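The values are calculated or read from the model by the stated rules, or taken from the named source; none is laboratory data. This one's a predicted model, so the numbers in the text were calculated from it and none came from an experiment. Areas reflect the complete protein model, heavy atoms only, side chains present, ligands, DNA and RNA absent. Shrake-Rupley method; radii C 1.70, N 1.55, O 1.52, S 1.80 Å.
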Amino acid sequence: MDKNTVSGGVDKAKGAVKETVGKAVGNDRMRAEGAADKAKGEVKQTAGKVADAARDTVNRASDTFNKATK
């Protein structure tokens with residue numbers, strides 16, 4: 001699993017907490033920071049998933065090539 005997948009999940013969770021607390025206490029800045037953290041986490045997670053998919057594709061192609069050339 002790519003490190004961005006994990007890091008993005010952490011950012012999303014942190015953002016959700018910040019956003020919820022900001023809403024609960026009426027702090028618009030904290031709510032906005034939480035929403036931004038969630039968005040940043042979403043982007044990181046997506047990048048991590050793309051990297052994982054690319055790595056898996058390369059590994060499958062390499063395995064197929066190695067089997068074909070034996």
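Summary of values
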read-out	value
HN-Hα J in Hz across the stretch 34-47 - Karplus 6.51, -1.76, 1.60, θ = phi - 60°, x for Gly and Pro	x, 5, 5, 4, 4, 5, 4, x, 4, 5, 4, 5, 4, 4
Listed values [x] 1.01; [y] 0.97; [z] 1.37, entry calculated as Rg/Rh (Cα atoms, Kirkwood Rh)	[z]
Reachable lysines, given that their alpha-carbon falls under 23 Å from the alpha-carbon of residue 23 and they are not under 8 places away in the same chain	12, 14, 38, 40
³J(HN,Hα), Karplus 6.51/-1.76/1.60, whole Hz, each residue of the stretch 22-33, x for Gly, Pro	x, 5, 5, 9, x, 9, 5, 5, 5, 4, 5, 4
Rounded accessible area per residue of the chain, 1.4 Å, Å²	71 Å²
Protein accessible area in the chain, 1.4 Å probe - carbon and sulfur %	60 percent
Ellipticity estimate at 222 nm from DSSP helix runs (n ≥ 4, -39,500 (n - 2.57)) divided over the chain, nearest 500	-33000 deg cm²/dmol
